[in-house]
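> First the structure, then my questions, so here it is.
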């Protein structure tokens with residue numbers, strides 16, 4: 001079997017490749033556990049128990065622009081992490097994030113700061 005880039009295909013056969021029959025890429029897998037951890041760079045992390053881990057992009061999660069903006073602003077203020085108001089805002093944002101997943105019928109656990117050791121989600 002020979003694999004060619006579109007450029008190689010054009011050079012070899014003199015025509016554009018027909019890409020219309022290529023299957024659509026699968027949608028990205030959503031995590032089952034999201035951790036809000038603003039004091040470690042990006043503020044959303046995948047902590048799914050299936051071994052996936054890493055940073056999450058709000059756009060990949062399909063979050064609303066409004067919630068994304070609020071999360072980003074909250075994470076930027078992480079230097080005030082000792083503030084009770086800032087911590088309470090994080091709790092509110094975690095609940096709102098959970099509600100966004102719930103409204104879409106997605107089973108995603110959301111945790112603030114850390115995932116409980118006994119969490120099976």
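The values are calculated or read from the model by the stated rules, or taken from the named source; none is laboratory data. Quantities reported herein were computed from a predicted structural model and do not represent experimental measurements. Cβ atoms come from the backbone with ideal geometry, glycine included; neighbour counts cover every protein chain shown.
> From the list 72, 16, 24, pick out the single residue that is at pLDDT 85 or above and over 16 Å from the mean Cα position of the chain (by Cα).
Details: 72 fails: over 16 Å from the mean Cα position of the chain (by Cα); 24 fails: at pLDDT 85 or above.
Exactly one residue qualifies, and that residue is 16.
> Can I ask one more? Which residues, taken from the stretch 90-110, are touching a helix residue (DSSP H, G or I) at 6+ places or on another chain (Cβ under 7 Å) and more than 15 Å from residue 64 (Cα to Cα)? Break it down stepwise before answering.
Residues of the stretch 90-110 that are touching a helix residue (DSSP H, G or I) at 6+ places or on another chain (Cβ under 7 Å), as a first pass: 90, 93, 96-97, 100, 108, 110.
Answer for the stretch 90-110, where residues must be touching a helix residue (DSSP H, G or I) at 6+ places or on another chain (Cβ under 7 Å) and more than 15 Å from residue 64 (Cα to Cα): 90, 108, 110.
> Which condition from (1) modelled with pLDDT under 90; (2) within 15 Å of the chain's Cα centre (by Cα); (3) part of a loop (DSSP other than H, G, I, E, B) is the one that residue 45 breaks?
(3)
Results for (1) assigned to a loop (DSSP other than H, G, I, E, B); (2) within 18 Å of residue 58 (Cβ to Cβ); (3) modelled with pLDDT of 90 or more, shown as yes or no for each residue.
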{"site": "86", "(1), (2), (3)": "no, no, no"}
{"site": "90", "(1), (2), (3)": "no, yes, no"}
{"site": "93", "(1), (2), (3)": "no, yes, yes"}
{"site": "96", "(1), (2), (3)": "no, yes, yes"}
{"site": "101", "(1), (2), (3)": "no, yes, yes"}
{"site": "110", "(1), (2), (3)": "no, yes, yes"}
{"site": "115", "(1), (2), (3)": "yes, no, no"}
{"site": "120", "(1), (2), (3)": "yes, no, no"}
